[in-house]
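Quick notes on the structure that follows.
The values are calculated or read from the model by the stated rules, or taken from the named source; none is laboratory data. Note that the structure is predicted; figures quoted are calculated from it, not measured. In this analysis, Cβ positions are derived from the backbone assuming ideal geometry, glycine residues included, and neighbour counts consider all displayed protein chains. What goes into the accessible areas is simple: the full protein's heavy atoms, side chains included, and nothing from ligands, DNA or RNA. Shrake-Rupley method; radii C 1.70, N 1.55, O 1.52, S 1.80 Å.
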Amino acid sequence: MSDVVDIAVGISVNKTFHYRVPEELQAPLVTGSRVLVPFGRRRVTGTVVGFPAAAGVSGVKSVIEVLDNPVTPELLALARWMSDYYLYPLGQTIEAMVPKALSRSRLKKKKIVRLLNQPAALRGTKQTELVRMLSEQGEVELDGLTGFSFSTINALKSAGIIEVVERELPPAAPEDFIPVAPPLLMPEQREAVHRINEAVAGAQFGVFLLHGVTGSGKTEVYLHAIQQLAGSGKGAVVLVPEIALTPQLLGRFRKRFGSRVAVLHSGLTDRERADEYRRIQSGRVDVAVGARSAVFAPFEKIGLIVVDEEHENSYKQDEGLRYHARDVAVMRAKFQNAVAVLGSATPSLESYYNAKNGKYRYLRLANRVDHRPMPEVSIIDMKTRSLTGLYAPTLIEAVKQRLERNEQTLLLLNRRGFSSVIICRECGAAIKCPSCSVSLTYHKSEQNLKCHYCGFITRPPAACPACAGIDLKLLGSGTQKVEEELQALFPSARMRRMDSDTVKGRDAYDRLLQQVDRREVDILLGTQMIAKGHDFPSVTLVGVVDADVGLNLPDFRSTEKTFQLITQAAGRAGRGDAAGEVIIQTMNPNHYSILHSRTHDYEGFYHEEMQYRSELGYPPLGRVVKLEVKSPKESHAFEAANTARNRIRSLIRGKDPALLGPAPAPISRVRGQYRFQLLLLSPKREAIRTLAAEGRKAVEEKYGRRCKVIVDVDPVNLM
């Protein structure tokens, strides 16, 4: 073996570096080893990505320490693809894949106190007492030594009588569950399981789109397909879009597969994630369930990767390495000759387009389990109906009926807070965030104004900051206001609100979901998080309070997102024995996204939406890369964006690709940074990625740290 290694360091540099390996460190070193290396005046973590025959430059520095070997050849190949595709440094790409606490130098360890020598004499009763305890017990955890001061411990340590050593904590033992027998499948489910199992058995890469209406039993298809992997030595990965969905799904998987299920998501502590990662590496786990980052579960062999609710935008990382977990899952399956299953009642247009064109295999579940009927959907035109506060009389009466029948109601309003904005009635100015170009949202329970982009909080002003006027008015409605009006209408109802203001802490989602399951909640009110994949058998009414919230946002996906949100919310109704009803309040009753959601008509929506996408060349017919240039100075951001545009235009030949911008982002200032955007559109993905990289390079060369350029390949959010 050469004594030179190629290292991808975990910092923002777009190349790798050569280091020498001391002889004593060569034996444990392999491709994928993580190491500690000097970099300038710092010590940084890096990953061995190759063994060149010789150093490319003179004066090569040496590796300091070998930390661990967490990156398998398959994961390293995936990291290389991600780095290239998303135009992100390889070292930082690997860092995003591996839990931070995995390296020995970063692991939580416990401190142990041990007796070294039995002393002839001691000073004081406390020293005598501690030595006697250690003589009897052998060793004691430092944290468990209550009643002994640090001076007592340090005196014995200095005298060489005791020592304090660090020892890595053992992984926490997973809670055991009693496996349960699987239910019988419906014919459509059996056919889907058969086709998936057939593909897995063939050990050939393939992708299935499992398109099943809400309540059709997609999760049971996943469970049966994974069951067939038992004894094969291959693992399975199951992704869910939100941490909130993990406890409910995890419970179902552990009831089927016992303790051989791991969980990976950002809600765990660093140590917990490291423990679960090691369980997977050790072969003690067959299934990994979790949110976005679970796609990197370190199985040596994988048979099946499931992406549940594959249409969800939360699979796209919105900072740092801006990867899309669904697309990464497909590529990982390809690298490991595995099968990927993408499941949804409202597939993304990209996935459905791939299925229609033969790139993905199509599986359809057109019926609910036990042939339960789809909920009836009615639309209320809010332009013509009288209101009781925020609610039409029809919706109020429907909620009342559910309370009388001891059934549950789910109400969706995709807006947090009490009121969207405070305006001055004298000059018309809104109270805005000082760091972002958005209005502050009023939260009545906390009596404050919040910015939902940067977290700024302040008290409501007594007078208008612009004109000093005192006639200030609350406009718009958030979940807090909806909740207050509901409580006035139904004072005896047991009501809970689910949004990011009320559901805080790692166990809060699970506790609230358990309350709903135990029927301790009559009305569950919330933002979009209540519409995602939850199974509430006693919910018979779903009300969409304002279906138009996201419909007119300046984003080409706004109509698709609206259709998906309404359809998914509607799908929470009637999943038990009682029939379901859905009531949609809207100012746009004839909009095609509303009309198609009323009849659960995905295909109709797809064909109508594709007409608009084809006119502009937007995905799935074309590819998009977004460049965002930002700076604390607006002039710098604008000039730098034009520098990127000029470099890109100089390289474009002919009419393709299209270059739009630069233009201010729809939210032009966030956290004190002015933002300008450019969009590259083309049917040819590779061309626009190369051009985007050149645009970023031009800005970095001219402006250095004065401006930051972010390249977002396949963006899902243009706000």
Top-ranked residue in the range 220-276 [being within 14 Å of PRO182 (Cα to Cα) and not in a helix (DSSP H, G or I); ranked as most open to solvent (accessible area, probe 1.4 Å)]: GLN228
Hey, ASP546 hits all of (1) buried (at least 17 other Cβ atoms within 10 Å of the Cβ); (2) over 21 Å from ASN588 (Cα atoms) but one; which does it fall short on? (2)
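Every residue, every condition in (1) open to solvent by less than 80 Å² (accessible area, probe 1.4 Å); (2) in a strand (DSSP E or B); (3) modelled with pLDDT under 75, yes or no:
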site	(1), (2), (3)
GLN118	no, no, no
GLN127	yes, no, no
LEU134	yes, no, no
VAL140	yes, yes, no
ASP143	no, no, yes
THR152	yes, no, no
ALA155	yes, no, no
GLY160	yes, no, no
GLU166	no, yes, yes
Residue by residue through the range 1-49, note down the ones that are among the basic types (Lys, Arg), assigned to a strand (DSSP E or B) and surrounded by fewer than 22 Cβ atoms within 10 Å (Cβ to Cβ). ARG20, ARG42, ARG43
I'd like the full set of residues that are over 13 Å from LEU627 (Cβ atoms), open to solvent by less than 40 Å² (accessible area, probe 1.4 Å), in a loop (DSSP other than H, G, I, E, B) and not hydrophobic (A, V, I, L, M, F, W, C), limited to the range 695-719. ASP714
Please name all residue pairs, on different chains or six or more residues apart, with Cβ atoms under 7 Å, provided the first residue is in the range 126-143 and is closer than 15 Å to LEU116 by Cβ and the second residue is open to solvent by less than 60 Å² (accessible area, probe 1.4 Å) and assigned to a loop (DSSP other than H, G, I, E, B). LEU130/PHE148; VAL131/PRO119; VAL131/LEU122; VAL131/ILE161
On the given criteria, is PHE536 aromatic (Phe, Trp, Tyr) and crowded, with 20+ Cβ neighbours inside 10 Å? yes
Would you confirm whether any residue within the range 574-595 is open to solvent by less than 50 Å² (accessible area, probe 1.4 Å) and among the basic types (Lys, Arg)? yes
Take the conditions among the small types (Gly, Ala, Ser), at pLDDT below 85, open to solvent by less than 20 Å² (accessible area, probe 1.4 Å) and on the phi > 0 side of the Ramachandran plot and apply them to GLY455. Does it pass? no
Mind checking which residues of the range 435-460 are aliphatic (A, V, I, L, M) and in a loop (DSSP other than H, G, I, E, B)? VAL438, LEU440
Any residue in the range 288-296 that is of a type outside the set (Lys, Arg), part of a loop (DSSP other than H, G, I, E, B) and touching a residue at least 60 places away in the same chain (Cβ under 8 Å)? no
All strands (runs of 3 or more DSSP E) inside the range 303-418 with 1 or more residues being free of Cβ contacts under 8 Å to residues at least 12 places away in the same chain and farther than 24 Å from MET498 by Cβ: none
Within the range 674-694, track down each residue that is open to solvent by less than 50 Å² (accessible area, probe 1.4 Å) and over 15 Å from THR643 (Cβ atoms). ARG675, LEU679, LEU680, LEU681, SER682, ALA687, ILE688, ARG689
Can you name every residue in the range 596-636 that is part of a helix (DSSP H, G or I), at pLDDT 95 or above and among the hydrophobic types (A, V, I, L, M, F, W, C)? PHE605, MET610
When residues of the range 642-668 are filtered for being buried (at least 19 other Cβ atoms within 10 Å of the Cβ), over 29 Å from the mean Cα position of the chain (by Cα) and touching a residue at least 40 places away in the same chain (Cβ under 8 Å), how many remain? 4
Any residue at all in the range 496-508 that is part of a helix (DSSP H, G or I) and of a type in the set (S, T, N, Q)? no
Pairs only if they're at least six apart or on different chains, beta carbon under 8 angstrom, first in the range 598-612 and under 18 Å from ILE583 (Cα atoms), second among the small types (Gly, Ala, Ser); list them, first residue then second. ARG598/SER378; HIS600/ALA570
Considering each of ALA493, ALA463 in turn, give the residue that is in a loop (DSSP other than H, G, I, E, B) and free of Cβ contacts under 8 Å to residues at least 12 places away in the same chain. ALA463
Just checking, which of LEU541, LEU621, LEU553 is open to solvent by less than 10 Å² (accessible area, probe 1.4 Å), of a type in the set (A, V, I, L, M, F, W, C) and in contact (Cβ under 8 Å) with a residue 60 or more places away in the chain? LEU541
Keeping to the range 518-536, report how many residues are within 25 Å of ILE243 (Cβ to Cβ) and at pLDDT 85 or above. 7
Residue check, LYS234 of a type in the set (Lys, Arg), within 24 Å of GLN564 (Cα to Cα) and touching a residue at least 60 places away in the same chain (Cβ under 8 Å): no
Looking at ASP510 and the list (1) exposed (fewer than 15 other Cβ atoms within 10 Å of the Cβ); (2) at pLDDT below 85, which single condition is not satisfied? (1)
Consider only pairs whose beta carbons are under 8 Å apart and that are at least six residues apart or on different chains; among these, list those whose first residue lies in the range 624-640 and is small (Gly, Ala, Ser) and whose second residue is in a helix (DSSP H, G or I) and open to solvent by less than 10 Å² (accessible area, probe 1.4 Å). SER631/ALA637; SER631/ALA640; ALA640/VAL699
Return only the number of the condition from (1) of a type in the set (Lys, Arg); (2) touching a helix residue (DSSP H, G or I) at 6+ places or on another chain (Cβ under 6 Å); (3) modelled with pLDDT of 80 or more that LYS100 does not satisfy. (3)
For the list (1) β-branched (Val, Ile, Thr); (2) in contact with a helix residue (DSSP H, G or I) (Cβ under 9 Å, 6 or more places away or on another chain); (3) open to solvent by 50 Å² or more (accessible area, probe 1.4 Å), I need the number of the one condition that VAL63 fails. (3)
